[in-house]
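The next block holds one structure in the form of structure tokens; read it before the comments.
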Amino acid sequence: MEDSRDLIKKRIILASKKNKMIVVSAPSGAGKTTIVKHLYQKFPQLGFSVSATSRKMREGENDGREYHFISPETFRKMIDEGKLFEWQEVYPGSFYGTPVSEVERIISNRQFPVFDLDVVGGLNIKKIYGDKTLAIFIRPPSFEILESRLRARATDSEESLQKRLNKAKWELSLEKDFDAVIVNDKLEDAFEQAEKLVTGFLGIKL
């Protein structure tokens, strides 16, 4: 019997034989979601893949927009049934992943999938799909600025914040494994760099 991840890989490769994918990854607070939103609003050729998560919904978020919010039990069932393109247990009991249905939806619309993923999730897709994937790493100007951005959110307890910061230190060491690195100091400059990378990779014009 084949492993569920092998089945997913075969299924998506067949569906996306002529497609390319874009992955944007970063430590929490570096600004990747803002940059991803800009890209899929700028380029109609891109389709945004809405991730699934078992974490609780935050104020201002909507199910199906920022994430598909599901229970840990449902998430584990999706893993067992091979319904996730990629997934990670980012913190104990806190799952994030990409439903296969999201990738299929985007491909069926004749668009290129763009993923907003944590660093490990992004690298996993890059390792599997290689040159068909443009993996972009978003880096904060400094670790101190990253910490101040996370504190300004005021969405985490001090214990949770420290977990994020410790994870971010490790994630920053992985930027060398990505195709391109954008330092998100001035947002407009980061937007411009991301646009150039996308147009060059996909061979399209603005």
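Each residue of the range 48-63 was assigned a 3J(HN,Hα) from its phi angle through the Karplus expression (A = 6.51, B = -1.76, C = 1.60, θ = phi - 60°), giving 7, 8, 7, 6, 9, 8, 9, 6, 6, 5, 8, 4, x, 8, 10, 5 Hz with x at Gly and Pro.
Extension gain for the segment Ser160 to Ile79, taken as residue separation times 0.36 nm less the Cα-Cα distance, is 26.6 nm to one decimal. The H on the amide N of Leu84, modeled in the peptide plane, is under 5 Å from the matching H of Val100, each at least 5 residues off or on a different chain.
Modelled label positions at Lys37 and Glu195, each set 7 Å beyond Cα in the direction of Cβ, lie 1.8 nm from each other. If you run the Gaussian network model on the chain, springs between alpha carbon atoms under 10 Å, then out of Ser54, Ser71, Ser157 the most flexible one is Ser157. Amide H to amide H distances under 5 Å link Phe115 with Ile22, Val23, Val24, where only residues 5 or more positions off or on other chains count and H is placed in the peptide plane. Where in the range 101-192 are there trypsin sites (Lys or Arg not before Pro) that are in a DSSP coil and have at most 13 other Cβ atoms within 10 angstrom of their Cβ? Here the trypsin sites (Lys or Arg not before Pro) that fit, given the DSSP loop and packing criteria, are Arg110, Lys186. Suppose R0 equals 41 Å. What FRET efficiency, 1/(1 + (r/R0)^6) with r the Cβ-Cβ distance, do Asn62 and Asp179 give to the nearest 0.05? E(calc), rounded to 0.05, equals 0.85. Each of Ser148 and Leu202 was given a label point 7 Å from its Cα along the Cα-to-Cβ line. The distance between the two points is 3.4 nm. Label-to-label distance for Leu187 and Ile128 is 3.2 nm, based on points extended 7 Å past Cα in the beta-carbon direction. For the range 85-206, the Cα-based Rg and Dmax, in that order, read 15.9, 45 Å.
Every number here is computed from the coordinates shown, using simple stated rules; none is lab data. In this text, all values refer to a predicted model and were calculated from it rather than measured experimentally. Here Cβ is always computed from backbone atoms with ideal geometry, including for glycine, and neighbour counts include all displayed protein chains.
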